[in-house]
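The values are calculated or read from the model by the stated rules, or taken from the named source; none is laboratory data. What you see is a predicted model, and the numbers here were worked out from it, not measured in a lab. Every residue, glycine among them, receives a Cβ derived from its backbone with ideal geometry; neighbour counts consider all protein chains shown.
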There are 2 protein chains.
Amino acid sequence: MTTRKDIAERNDRALLQAARDVLAEDGAHASVAAIASRAGVGIGSLYRRYKTKEELFQRLSVLSLDHWNEAAERGLADPDPWAGLAAFVRSCVEFGQGSLSPIAGAVEVTREMSAKARHGDELLDELVRRAREAGVLRGDVTAVDISLLIEQLGRSPLVDQLRKQGRDDLLPAAAEARRRLVAIAIDGLRPGSRPLPGSPPGGELFTDRWSSPRQP
Amino acid sequence: MTTRKDIAERNDRALLQAARDVLAEDGAHASVAAIASRAGVGIGSLYRRYKTKEELFQRLSVLSLDHWNEAAERGLADPDPWAGLAAFVRSCVEFGQGSLSPIAGAVEVTREMSAKARHGDELLDELVRRAREAGVLRGDVTAVDISLLIEQLGRSPLVDQLRKQGRDDLLPAAAEARRRLVAIAIDGLRPGSRPLPGSPPGGELFTDRWSSPRQP
DNA sequence: TGATTGCGGAGCGAATCGCTCCGCTAAGGA
DNA sequence: TCCTTAGCGGAGCGATTCGCTCCGCAATCA
């Protein structure tokens, strides 16, 4: 038997996942109608849970930060420094961290969010430091590089395109191709003799993500 | 002295580059007003050159396919198989091939475009075959994987976000960080003992990109 | 200098936006 | 079993943004 509460919880989860999907496809222009439709939920139901579009996006941001931190903790708990780091990256990519970059500069950043972001930075720094000391990470790869890698891999243009064309039959193949791509990119982090171009990016790029002022 | 013709040509180049930039940031929702504004050109001037928005996007697609094919020819001309492949990928990423995926399924695909796309597929296949036979490419990396890698790296979320926040001072650092990221991803293509997950994607995924029917 | 080219942007109708409100279905209580 | 009511879906609101047209005016050519 499905109680009211069950339906509500299922709808809420569907809404959050749909919001991530639509954000990944449409970026900052993602509309609430598209999110509700993707979730298979009426617009009215969305607005009973979230007073405004911004409130939904803030909730999404907090959940995303929580996932980042939990994944980093799990990675640190792994005795193998490389396995821990790789699992962290993979988890963040699969969660869809990268799809949130369009709203990172658009939502009001609460004190809670910037505190969690700061903590997440520290955890990633530790993951990187541990992997580098163990010699399983390219010496010139920084935490900023990994953060950007996660963001860059967050979207799946091919999956988006196929879905818009209604080629649902090819979606599994596309998802698998994407998984291979992520594996390739992660392998690029392992030690190699080829130096990366340019100087390592400073911390300013990283810590600024959730704390910089909104565009007026 | 700047003649009328000079101004027209400069404007046309600015429009095409602006279109790529805005497409990378806003995806399929990119507006002509945003493109013209980014190019520093009036909307009227844009519409004298291109009758409709679709015509601009088609021109962009053809230029993109041309660049792909020329970059692949240059890569094949390089006696070093790995250097040729890496230069091809880097050139396509820098050109912004990835930013066109939102319109690939939206514009009317002409016979000319699908012919060029088919030729581009053959060139990439040859680049991959050559590199693999030379032993400078992971044995389980396919042409599809490389095509997806180019598409995935085509956007630069961090640069977009910083620009929207008006942090132009950080743009050079962000661009450099992106260059490092591309280098990391390309390095992942080199031979390694770690097998990629899943089975190699079939050609259906690849050749379908510019030839599949439009969504009704 | 007069003719003319072509640039920039105000403004058009149409489409889409975020959001409100309400009829109606179906779960809960007796 | 039947009434109550929680809560879902979507029509429709005003505001905004869309693609695109048209024209006044500055700058170039003859």
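Answer yes or no: is there a residue in the range B:159-166 that is of a type outside the set (A, V, I, L, M), more than 7 Å from every other protein chain (Cβ to nearest Cβ) and either buried (at least 22 other Cβ atoms within 10 Å of the Cβ) or closer than 23 Å to A:R194 by Cα (or both).
Here is the first cut: in the range B:159-166, the ones of a type outside the set (A, V, I, L, M) are B:160-161, B:163-166.
Subset that is more than 7 Å from every other protein chain (Cβ to nearest Cβ): B:160, B:163.
In the following step, the residues that additionally are either buried (at least 22 other Cβ atoms within 10 Å of the Cβ) or closer than 23 Å to A:R194 by Cα (or both) were identified as none.
No, that holds for no residue.
Inspect the range B:1-21 for any residue being away from chain A (no Cβ under 14 Å), touching a Cys at 6+ places or on another chain (Cβ under 7 Å) and without any contact (Cβ under 8 Å) to a residue 60 or more places away in the chain and give the result as yes or no. Walk me through it before giving the result.
The first filter runs over the range B:1-21 and keeps only residues away from chain A (no Cβ under 14 Å), leaving B:1-20.
Pick out the ones that are also touching a Cys at 6+ places or on another chain (Cβ under 7 Å) and you get none.
Looking through the range B:1-21, none of the residues is away from chain A (no Cβ under 14 Å), touching a Cys at 6+ places or on another chain (Cβ under 7 Å) and without any contact (Cβ under 8 Å) to a residue 60 or more places away in the chain.
Just to be sure, is B:E108 outside any helix (DSSP H, G or I) and farther than 14 Å from B:L153 by Cβ? Talk me through it step by step, then tell me what you get.
Details: outside any helix (DSSP H, G or I): yes; farther than 14 Å from B:L153 by Cβ: yes.
Yes, satisfied.
Take the conditions farther than 20 Å from A:G27 by Cα, of a type outside the set (A, V, I, L, M, F, W, C), modelled with pLDDT under 90 and part of a helix (DSSP H, G or I) and apply them to B:D121. Does it pass? Full working, then the answer.
Working: farther than 20 Å from A:G27 by Cα: yes; of a type outside the set (A, V, I, L, M, F, W, C): yes; modelled with pLDDT under 90: no; part of a helix (DSSP H, G or I): yes.
Here the answer is no, as B:D121 does not meet what is asked.
Quick check: is even one residue across the range A:186-198 more than 20 Å from A:R74 (Cβ to Cβ), assigned by TED's automatic domain parsing to the domain that holds A:R118, among the hydrophobic types (A, V, I, L, M, F, W, C) and outside any helix (DSSP H, G or I)? Working first, answer last.
From the range A:186-198, those more than 20 Å from A:R74 (Cβ to Cβ) are A:187-188, A:190-198; that's our starting set.
Next cut, assigned by TED's automatic domain parsing to the domain that holds A:R118 only: A:187-188, A:190-198.
Then keep just the ones that are among the hydrophobic types (A, V, I, L, M, F, W, C); that gives A:196.
Checking which are outside any helix (DSSP H, G or I) leaves us with A:196.
For the range A:186-198, residues more than 20 Å from A:R74 (Cβ to Cβ), assigned by TED's automatic domain parsing to the domain that holds A:R118, among the hydrophobic types (A, V, I, L, M, F, W, C) and outside any helix (DSSP H, G or I): present.
Going by what's in this entry, would B:I43 be described as modelled with pLDDT of 95 or more, outside the structural domain of B:A106 (by TED's automatic domain parsing) and within 10 Å of DNA strand C (Cβ to nearest atom)?
Numbers: modelled with pLDDT of 95 or more: yes; outside the structural domain of B:A106 (by TED's automatic domain parsing): yes; within 10 Å of DNA strand C (Cβ to nearest atom): yes.
Spelling it out, B:I43 is indeed modelled with pLDDT of 95 or more, outside the structural domain of B:A106 (by TED's automatic domain parsing) and within 10 Å of DNA strand C (Cβ to nearest atom).
Give just the number: which of (1) under 30 Å from A:A104 (Cα atoms); (2) more than 13 Å from DNA strand D (Cβ to nearest atom); (3) buried (at least 17 other Cβ atoms within 10 Å of the Cβ); (4) free of Cβ contacts under 8 Å to residues at least 40 places away in the same chain does B:A34 not satisfy?
The number of the failed condition is (2).
What's the total number of residues in the range A:57-88 that are among the aliphatic types (A, V, I, L, M) and either near DNA strand C (Cβ under 8 Å from one of its atoms) or surrounded by fewer than 13 Cβ atoms within 10 Å (Cβ to Cβ) (or both)? Walk me through it before giving the result.
Step one: list which residues in the range A:57-88 are among the aliphatic types (A, V, I, L, M), which gives A:60, A:62-63, A:65, A:71-72, A:76-77, A:83, A:85-87.
After this cut, where a residue has to be either near DNA strand C (Cβ under 8 Å from one of its atoms) or surrounded by fewer than 13 Cβ atoms within 10 Å (Cβ to Cβ) (or both) as well, the list is A:77.
Residues that pass the stated criteria total 1.
Evaluate the following for B:A72: is it more than 16 Å from DNA strand D (Cβ to nearest atom), out of contact with any Pro (no Cβ under 9 Å at 6 or more places or on another chain), touching a residue at least 12 places away in the same chain (Cβ under 8 Å) and not assigned by TED's automatic domain parsing to the domain that holds B:T142?
Numbers: more than 16 Å from DNA strand D (Cβ to nearest atom): yes; out of contact with any Pro (no Cβ under 9 Å at 6 or more places or on another chain): yes; touching a residue at least 12 places away in the same chain (Cβ under 8 Å): yes; not assigned by TED's automatic domain parsing to the domain that holds B:T142: no.
No, not satisfied.
Quick one: how many residues across the range B:74-87 are assigned to a helix (DSSP H, G or I) and farther than 21 Å from B:V182 by Cα? Lay out the reasoning, then the answer.
The initial filter retains those residues of the range B:74-87 that are assigned to a helix (DSSP H, G or I), namely B:74-77, B:81-87.
Now drop any that are not farther than 21 Å from B:V182 by Cα, which leaves B:77.
Number satisfying all stated conditions: 1.
Does B:R90 fit the bill of being part of a helix (DSSP H, G or I) and away from every other protein chain (no Cβ under 12 Å)? Steps first, answer last, please.
On the way: part of a helix (DSSP H, G or I): yes; away from every other protein chain (no Cβ under 12 Å): no.
Against the criterion (part of a helix (DSSP H, G or I) and away from every other protein chain (no Cβ under 12 Å)), B:R90 does not qualify.
Sort through B:V107, B:V144, B:V136, B:V128 and tell me the only one that's of a type outside the set (K, R) and under 15 Å from the mean Cα position of the chain (by Cα). Even if it seems obvious, please write down each step before you answer.
Details: B:V107 fails: under 15 Å from the mean Cα position of the chain (by Cα); B:V136 fails: under 15 Å from the mean Cα position of the chain (by Cα); B:V128 fails: under 15 Å from the mean Cα position of the chain (by Cα).
Among B:V107, B:V144, B:V136, B:V128, only B:V144 is of a type outside the set (K, R) and under 15 Å from the mean Cα position of the chain (by Cα).
Among (1) within 26 Å of B:S91 (Cβ to Cβ); (2) within 12 Å of DNA strand D (Cβ to nearest atom), which single condition is B:G42 missing?
(1)
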